[in-house]
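One structure is given below, encoded as structure tokens.
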Amino acid sequence: MSINQNIKPITTKVNEKGNLEIGGCDLIELADKYSTPLYVVDEATLRGIAREYKKAFSKLENVKMTFASKALMTSAIAKILSQEGFGFDVVSGGEIFTVKNAGVDMKNTTFNGNNKTPDEINMALELGVGRISVDNFLELALLNEMAKSKNIVQKILLRITPGIECHTHEYIQTGHLDSKFGFDLTQLDEAIELILDEYKNLELMGLHAHIGSQIFETQVYYDEIGVILKEIKRIKDKFNIELKEINAGGGLGVTYTDEDCPPSVETIANVIIDSIEKHCSEYNLKKPVLYIEPGRSIVATAGVSLYTVGSSKQVPNGRKYIAVDGGMADNPRPSMYGAKYYAQIANKKEENEMKKVTVAGRFCESGDILIKDIELNNPQEGDILCVYNTGAYGYSMSSNYNCVLKPAMVLVNSAQSDIIIKRQTYDQLIQNDVIPDRI
Ligand code: LLP
């Protein structure tokens with residue numbers, strides 16, 4: 001089974017004390033040592049999925065794996081994925097800075113985004129980001145001008161909207177025509193003319209598309225590659241240039257609950273490879289360098305969140321709520337997207353007292369519900385709740401809502417645990433606050 005098809009990290013088990021264990025570490029001991037809420041990342045799961053990706057795409061001669069940093073960017077995660085041979089999709093100065101800080105070779109990064117600021121573009125050029133995926137005409141002009149002033153010829157891709165709809169949450173669909181991202185196919189030729197005729201400090205390497213996130217269908221990837229290669233063929237015929245690179249984006253889904261059935265990494269890889277082979281032979285093109293940029297499927301399953309159960313409330317003739325010490329600030333996905341998660345009480349082995357409860361967060365909003373109607377093993381105050389599959393878009397989308405401190409993150413492997421993000425402190429919370437003298 002592919003790791004993205006698992007709900008739990010691959011090292012999860014119940015130990016002799018009857019507690020859940022991940023990466024050889026007892027989750028109750030982790031909660032004691034580091035306090036809760038706590039993000040836990042299993043290194044074996046993370047490296048395991050990275051290796052699955054490499055293996056699945058190894059049939060292609062020329063493929064570049066990049067990790068979509070937006071799913072989880074910390075210096076240690078960047079270092080691990082870089083060791084596994086991944087480059088990085090970065091979308092902000094902050095992601096560029098973090099990746100650089102982790103010692104990543106900036107040639108292996110692609111800078112994406114629909115409204116990159118001049119400062120960020122400047123930073124990307126100064127640090128030698130490998131590819132910039134240009135999203136629109138304004139950026140094209142600005143980037144050329146800035147590259148010219150630095151005497152650089154920047155390698156770029158053009159981000160296109162391939163017009164492919166996938167059946168995922170509306171907020172995370174990106175490839176359909178009415179999207180804020182990328183050039184519409186009808187605008188592509190104008191962009192290419194500008195690059196060829198005027199923008200001499202840009203070197204067009206290829207095309208980039210991304211169709212959405214948490215995708216379970218395979219056909220959409222086949223079609224996406226088909227659209228990109230059809231454009232490359234058209235561009236070859238019209239402009240007499242054969243673009244050498246394609247970037248298929250990310251998007252592969254993961255298994256948050258039993259209801260989710262994403263394809264395996266191998267299946268997706270085979271669909272993409274088949275589509276490249278079929279369309280390259282149909283259009284008589286050389287096989288391009290393929291970039292992929294998965295985010296969620298690399299880090300989601302490796303991560304869990306630990307919480308301590310606090311107060312509870314039985315609504316007369318209604319739901320039983322149990323509240324935990326975290327919620328929408330450390331994992332906004334349930335309240336933003338209606339995302340579902342699976343969880344277990346980490347300190348109770350026997351599943352003989354299963355109770356249907358709703359797990360509420362501690363933030364001051366009725367919508368702060370982490371899991372609606374889940375069977376848990378008789379949850380009581382002081383128990384440790386382990387929510388699975390929180391490695392992607394949890395910490396990276398976290399906030400300080402209600403001035404609650406951001407949790408720590410630990411990396412576990414072979415019974416060892418190491419802090420990779422320290423718990424925020426109250427001093428850090430107000431470190432940028434200024435009280436002007438005049439008030
Ligand atoms: N490449 C591009 C250009 C993207 O926009 C994205 C995600 C990815 C790659 C990585 O996609 P992934 O493999 O992670 O699906 N916050 C939302 C997800 C937003 C995804 C945005 N773009 C969530 O929590 O579901």
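Each value in this text was obtained by applying a stated rule to the coordinates, not by laboratory testing. Everything numeric in this text was worked out from a predicted model, so none of it was measured. Heads up, the Cβs are rebuilt from the backbone with ideal geometry, glycines too, and the neighbour counts pull from every protein chain shown.
So the values come out like this:
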| item | result |
| --- | --- |
| For the chain, built as a Gaussian network whose Cα springs stay under 10 Å, the top-fluctuating residue of S281, S312, S297 | S281 |
| J(HN,Hα) series, segment 420-429, from Karplus relation 6.51 cos²θ - 1.76 cosθ + 1.60, nearest Hz, glycine and proline x | 10, 9, 6, 4, 5, 10, 4, 4, 5, 4 |
| Contour minus Cα-Cα distance for K54 and A141 (0.36 nm per residue) | 27.7 nm |
| Distant-in-sequence amide H partners of I211 (H built 1.01 Å from N, under 5 Å) | G250 |
| Separation of alpha-carbon centers, segment 351-378 and segment 250-269, rounded to whole Å | 25 |
| Shape of segment 297-439, Cα gyration tensor, a/c cut at 1.5 | oblate |
| Theoretical gain in end-to-end length, R47 to K150 [0.36 nm per residue, Cα-Cα removed] | 33.3 nm |
| Antiparallel bridges, percent of DSSP beta bridges restricted to the chain (to nearest 5) | 45 |
| Whole-Hz ³J(HN,Hα) from phi, Karplus 6.51 cos²θ - 1.76 cosθ + 1.60, for segment 59-66, glycine and proline x | 5, 7, 5, 10, 9, 10, 7, 10 |
| Alpha-carbon centroids, segment 284-299 and segment 2-29: separation in whole Å | 31 |
| Table column - 3J(HN,Hα) (Hz), segment 118-128, Karplus curve with 6.51, -1.76, 1.60, x for Gly and Pro | x, 4, 5, 5, 4, 4, 4, 5, 4, 8, x |
| About the Cα centre, charge dipole magnitude for the chain (Lys/Arg +1, Asp/Glu -1 at Cβ), debye | 540 |
| DSSP-defined antiparallel bridges as percent of all bridges, segment 316-417, nearest 5 | 80 |
| Given charges at beta-carbon only (K, R positive; D, E negative), |dipole| of segment 61-160 in Debye | 120 |
| Theoretical gain in end-to-end length, T257 to I430 [0.36 nm per residue, Cα-Cα removed] | 58.5 nm |
| Proximal charge balance of G361 [Cβ under 11 Å; K/R count +1, D/E count -1] | -3 |
| Segment 54-200 shape via C-alpha gyration tensor axes, a/c threshold 1.5 | oblate |
| Normalised contact order of the chain, rounded percent, pairs of Cα under 8 Å and 6 or more residues apart | 21 |
| Residue with peak Gaussian network fluctuation, the chain [Cα springs, cutoff 10 Å], from K107, K356, K238 | K238 |
